[in-house]
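Every number here is computed from the coordinates shown, using simple stated rules; none is lab data. Quick caveat: nothing in here was measured; it's all calculated off a predicted structure. Here the Cβ positions follow ideal geometry from the backbone for every residue, glycine too, while neighbour counts run over all protein chains shown.
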Amino acid sequence: MRTHVQLYTKRMNRKAQLQIMENIFVILIIFIILFIAFIFIIRSQRSKQLDKLEEQKNLELIQKAQILNFLPEMQCSDNNVIKPDCYDILKIEAFKETIEKEKLFYRSLLGYVRLDVVKYDPSPEINKEIETWNLYDNPKQEERGYSEIHYPVLLRDVRNNRDYFGVIYLGVYE
């Protein structure tokens, strides 16, 4: 027959086993909660990094547009007064030849961009391209994307003393 001591020890062993199982479940639940929190933090950090990367791409695009706006090689000028958002067609054609001769200088200045200037017919009834100049195209070997900005400009033809509507397409390779 069993003694009271044996019954008491058996009950205590069961109680101890239950307490150990409770502790294991509590620890397991804590680990699950920590794992979920860790995943949440990593995803939020990744989202912030992607936002910063997108912001840097946009800033680079704006920076290249500003560099282009201040290139004296293409801007219109009357009596040494530079007109904003005005480009001389003769200077654009000369600039295209200059870029081909001075590739290293313009690669360091412009980087990995594509630069196109499009001249449109000035009459309101017709909306067609008259002429397109692909001034510069320097793609990366491993292209991962392309961001483009286009903005309207005035194109001055000093040969015919005429102004045209133009659009500059500036794309940055990523």
Completion exercise
Under the 7 Å Cα-to-Cβ spin-label approximation, ALA37 and GLU102 lie apart by a distance in nanometres of 6.0
Practice task
For a footprinting-style exposure proxy, rank TYR87, TYR169 by other Cβ within 10 Å, fewest first.
Solution key: TYR169, TYR87
Completion exercise
Ignoring trypsin sites (Lys or Arg not before Pro) buried by more than 14 other Cβ within 10 Å or outside DSSP loops, the longest site-free run in the chain is 3-127
Exercise for the section: Counting other Cβ atoms within 10 Å, keep those with at most 14, restrict to DSSP loop, and tell me which chymotrypsin sites (Phe, Trp or Tyr not before Pro) in the stretch 30-71 are left. Expected result: PHE70
Fill in the blank from the handout: If each part is reduced to its alpha-carbon centroid, the stretch 128-162 and the stretch 46-113 end up apart, in Å, by 10
Handout entry: Residue-averaged 222 nm ellipticity for the chain, from DSSP H runs of 4+ at -39500 (n - 2.57), nearest 500
Key = -18000 deg cm²/dmol
Fill in the blank from the handout: Here, the chain modelled as identical Cα point scatterers in vacuum has Debye log10 I(q)/I(0) at q = 0.15 Å⁻¹ of -0.93
Practice task
Could you pull out the pairs from LYS48/LYS140; LYS119/LYS140; LYS48/LYS91; LYS64/LYS128; LYS83/LYS103; LYS52/LYS119 whose alpha carbons sit more than 32 Å apart here?
Solution key: LYS48/LYS91; LYS52/LYS119
Exercise for the section: Would you mind classifying the stretch 70-173 by shape? Square roots of the alpha carbon gyration tensor eigenvalues, ordered a ≥ b ≥ c; an a/c under 1.5 is rounded, otherwise it is prolate if a/b is larger than b/c and oblate if not. Expected result: oblate
